[in-house]
Amino acid sequence: MYGEIGLKRYFFKKKKPVALMLALFTGLAFCACGTTVKTAKEPETSLVTVGFSQIGAESDWRLASTSSMQSAFSVTTGYRLVYDDGQQKQENQLKAMREFIDSEVDYIVLDPITETGWDATLSEAKEAGIPVIIVDRQVSVEDDSVYTAWVGSDFSLEGKRACAWLKAYLNSVGYTEAINIAHIQGTAGSSAQIGRSNALTEYAEHEGWNIIAQEDADFVQAKGREVMESMLSEHGDEINVVYCENDSEALGAIEALEASGKTVGSNIAAGEVLVISFDATNEGLKQTLAGKIALDVECNPNYGTVAEQIISDLEKGSSTVHDYYMEESQFSAIKSVSSVSVGANTYNVTVVTDEIIASRNY
Ligand code: AHR
């Protein structure tokens, strides 16, 4: 299931068998002395225990990523998944990781809320001999050997695809007036925010677009609405493009735009406000088909099977991937831009249909 790139063999020590043998030995020793201390239990099953530290439940996308992990790591597939909801706080995720280490899980899967702040805890996991698989977002650590593999999205490429589409769309309609962008960001310091924001900054500089407002809405719909309201109160007459870093924020922003009397759509010349978004959830694609999201760049949350394959490889002592990028597409109801180029690569823009929406389960 993996591409050929990035194959790497991992050698890791597993603490559990040693701990188990010691426990068995201790239990037997106590028995021999005629004490009443409990003997070590036989392992209840041969399930592989995986501690999963999830960020939270801030968006439909996030719920889909949790489901993907739960389906991939089930008793049926040979796992006991210990799920922890970090409730959008890194301190909760760090606490969960420590608990996983203390309870000697076989593997840890971490979806890191932000890129920094993980060095010490990941080092502890490594010391304890517990391989860590990072999913979705990335970590920025001094020593890459503190984690075993990563699977997730290329957020920078997602952002570049969105911006390349905006550039091509403006060319296709011959729009040459000022582009004034309200930029609603995702959680500050998260890979998804960094990649998508940097792409916009880069294109804005190059294309002469103005980013006239920029604020974090934490990938949450209610905050997307609040942030949009406050941007409208300051720059209501100028904004003609809204760049939201996920669908939840876009849904909130559209609510605010419409409540303020604006028309959301792609005809900027006629005063409509053009919304760009990321994720391509079911609700996001419905808004895309309705023309309220001009472009929705997919962020694929279904990495559970890849994470499971990595752990399965490690269990067998086989080689596995180090970095795995999920396949992603982009959707629009506008037909004038059928593909976009980023660097040497060309990406098709899929025209959204009812069938595509019906097949999207998140
Ligand atoms: O890290 C992926 C991002 O996190 C998704 O775009 C967003 O919906 C989620 O909250």
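Total residues in the stretch 162-219 satisfying the condition of being away from the ligand (no atom under 16 Å from the Cβ) and hydroxyl-bearing (Ser, Thr, Tyr): the figure is 6. Here the condition is being outside the structural domain of Ala64 (by TED's automatic domain parsing) and closer than 19 Å to Trp61 by Cα; of Val337, Val352, it holds for Val352 alone.
Among the residues of the stretch 61-81, those that are touching a helix residue (DSSP H, G or I) at 6+ places or on another chain (Cβ under 9 Å) and more than 16 Å from the ligand (Cβ to nearest atom) comprise Gln70, Ser71, Ala72, Phe73, Thr77, Gly78, Tyr79, Leu81. Of the candidates Gln70, Gln93, Gln87, the single residue that is on the phi > 0 side of the Ramachandran plot and either touching a strand residue (DSSP E or B) at 6+ places or on another chain (Cβ under 8 Å) or of a type in the set (S, T, N, Q) (or both) is Gln87.
Taking the stretch 201-289 as the region of interest, the strands (runs of 3 or more DSSP E) fully inside it that hold 3 or more residues being over 24 Å from the mean Cα position of the chain (by Cα) are 210-216. Within the stretch 280-331, how many residues are closer than 18 Å to Glu245 by Cα and among the hydroxyl-bearing types (Ser, Thr, Tyr)? Looking only at that region, the number is 3. Quick check on this structure: which one of Leu200, Leu257 is touching a Cys at 6+ places or on another chain (Cβ under 7 Å) and open to solvent by less than 50 Å² (accessible area, probe 1.4 Å)? Answer to the check: Leu200. Taking the condition more than 14 Å from the ligand (Cβ to nearest atom), acidic (Asp, Glu) and open to solvent by 10 Å² or more (accessible area, probe 1.4 Å), does Glu58 pass? It is false that Glu58 is more than 14 Å from the ligand (Cβ to nearest atom), acidic (Asp, Glu) and open to solvent by 10 Å² or more (accessible area, probe 1.4 Å).
The values are calculated or read from the model by the stated rules, or taken from the named source; none is laboratory data. Because the structure is predicted, anything quoted here is derived from the model rather than measured. Don't worry about glycine lacking a Cβ; one is built from the backbone with ideal geometry, like all the others, and counts go over all protein chains shown. Please note that ligands, DNA and RNA were not included when accessible areas were found on the heavy atoms of the full protein model with its side chains. Shrake-Rupley method; radii C 1.70, N 1.55, O 1.52, S 1.80 Å.
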